Amino acid sequence: MSAKILMTCLVSLALSALAGAALAAEPALLLAHVAIIDGTGTPAKPNMTILVEGGRIAAIYPDGSQPAPTGAKVEDLSGRYVIPGLIDAHVHLTGAEPDFAHYVPHLQALLRGGVTAIRDMAGDDRLIAYLAGEANSDALASPDIYYVALMAGPTFFAEDVRAQEASAGERLGFAPWMQAIGPDTDIRLAVAEAKGTGATALKLYANLPPNLVRQITAEAHRQGLRVWTHATIFPTTPTEAVDAGVDTISHSPYLVWAAAPKVPDDYRVRALGDFTHIRPDAPQIVSLFKAMKQRGTILDATLLPFLEEAKHASGKVGAGIMPWSYAVTRLAHQQGVLVDVGTDSSGLADGAQGPNLKALPLVHSEMALLVEHCGFTPIEAIRAATQISAAAMGQSAQRGTITPGKRADLVVLNADPTHDIGNTRKIDFVVKSGRIYRKDGG
Ligand SMILES: [Zn+2]
């Protein structure tokens, strides 16, 4: 065992011991006199009390209608608002940085910024699985982490440096979390190996034909895994992916390929769609949304990363990508397609290190884009980042709404977010699994 790994283990053992001690002593928590925005899309309910016990929401009732349990810690939240913990449904936590310690302040900043769970959409599962273990057991002040094992066609692994880095040390295309799938692959075994990583889902990324997408999706569902896909698994089209039964489909702008005369052979040109000539309400896209609504396929819109690319790397994206992406996301919402909130980032702005680590998570910016450009009301944007993102993550039974029996993952706000979505940034404190996390570390 290297000194670095040994240190990491010792640090995490110490953290686990601390968390265990804190959990055992946790009294009931009463959040009183608060307006609840419960994440289901219904209007705020003022003057309510939430009782938290054992890390879960035990009861919700009008102020004063029940006596406070003896020994409960009472937070008087007069004038404040509570929403479910925010979920960033598209994160890539691990990059070139292999050191566990690097992620501790990063994850803490996400949690204190209102994010109580993240869906990691591909990276090095050796590290992600370790972080998820620490986060999901509350040994680490962190959002809970759910993650994928990636599959793509064999040629992808030679082409994509990110896949090479995320499986360094393994035979390329054979790591259980970065698998090359071809016509001769034993799909049942490949899915079982992916499941063995602790992943919640497969991510289908590139260079897979529709018949393989169908086979993989059916086998993943049979083995209890979800399937979270890119819209551009060329040669598979977005429509063929939805018809194969995938659970979520990522990136609004890539839906342009549903209405293109033909899809390219190379996934790397995926952001260079013809946004000038293909209408966002083209008949093929309208019927794609009908199918998604019927099947419950969630659109993981991820507008923010494309806005950044359009600003800073405009050669990488097709002209007109942002108005098109806003319009197609608005249409999806109007047609009743479920839209989640994902940032396709580390969850924080690039370079958000040192003092900038106090910068708020990007999930707030993605919610604002839905309101400003895509016809969402603030309450609908909050639902997208909570109930729908939880559904995207396969966690509806446990989280995403303020409901008795669900986990007590909550964000208490100092200002009303139902009139101004910017007010989700005005965080008083965050509750995860019933424990309070304040910005100043208290
Ligand atoms: Zn991504």
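Assorted remarks:
- Any hit, region 155-163, residues being over 22 Å from residue 130 (Cβ atoms), at pLDDT below 95 and in a loop (DSSP other than H, G, I, E, B): yes
- For region 98-120, the tally of residues that are within 16 Å of the ligand (Cβ to nearest atom) and in contact with a Phe, Trp or Tyr (Cβ under 7 Å, 6 or more places away or on another chain) stands at 2.
- The residues of region 286-329 that are within 23 Å of residue 217 (Cβ to Cβ), buried (at least 23 other Cβ atoms within 10 Å of the Cβ) and aliphatic (A, V, I, L, M), listed by number, are 288, 292, 298, 299, 301.
- Scoring residue 152 on the criteria (1) of a type outside the set (Lys, Arg); (2) without any contact (Cβ under 8 Å) to a residue 12 or more places away in the chain; (3) buried (at least 16 other Cβ atoms within 10 Å of the Cβ) leaves a single failure, condition (2).
- Check on residue 227, modelled with pLDDT of 95 or more, within 16 Å of the ligand (Cβ to nearest atom) and in a loop (DSSP other than H, G, I, E, B): no
Yes or no, residue by residue, for (1) farther than 14 Å from residue 148 by Cα; (2) free of Cβ contacts under 8 Å to residues at least 40 places away in the same chain; (3) touching an Asp or Glu at 6+ places or on another chain (Cβ under 6 Å):
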position: 229; (1), (2), (3): no, yes, no
position: 232; (1), (2), (3): yes, yes, no
position: 239; (1), (2), (3): yes, no, no
position: 246; (1), (2), (3): no, no, no
position: 255; (1), (2), (3): yes, no, no
position: 263; (1), (2), (3): yes, yes, no
position: 268; (1), (2), (3): yes, no, no
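- Exactly one residue among 187, 145, 181 is β-branched (Val, Ile, Thr) and within 16 Å of the ligand (Cβ to nearest atom), and that residue is 145.
- Region 307-344, residues that are within 15 Å of the ligand (Cβ to nearest atom), under 17 Å from the mean Cα position of the chain (by Cα) and among the hydrophobic types (A, V, I, L, M, F, W, C): 341
- Any hit, region 95-109, residues being within 24 Å of residue 248 (Cα to Cα) and modelled with pLDDT under 95: yes
- Selected residue (criterion: nearest to the ligand (Cβ to nearest atom)) from residues of region 64-93 that are within 27 Å of residue 162 (Cα to Cα) and open to solvent by less than 20 Å² (accessible area, probe 1.4 Å): 90
- Put simply, of 310, 282 the only residue that is closer than 23 Å to residue 335 by Cα, among the small types (Gly, Ala, Ser) and assigned by TED's automatic domain parsing to the domain that holds residue 160 is 282.
The values are calculated or read from the model by the stated rules, or taken from the named source; none is laboratory data. Values in this document were obtained by computation on a predicted structure and should not be read as measured data. Cβ sites come from the backbone with ideal geometry, for glycine too, and all protein chains shown count toward neighbours. Calculation scope for accessible area: heavy atoms of the full protein, side chains included, ligands and nucleic acids excluded. Shrake-Rupley method; radii C 1.70, N 1.55, O 1.52, S 1.80 Å.
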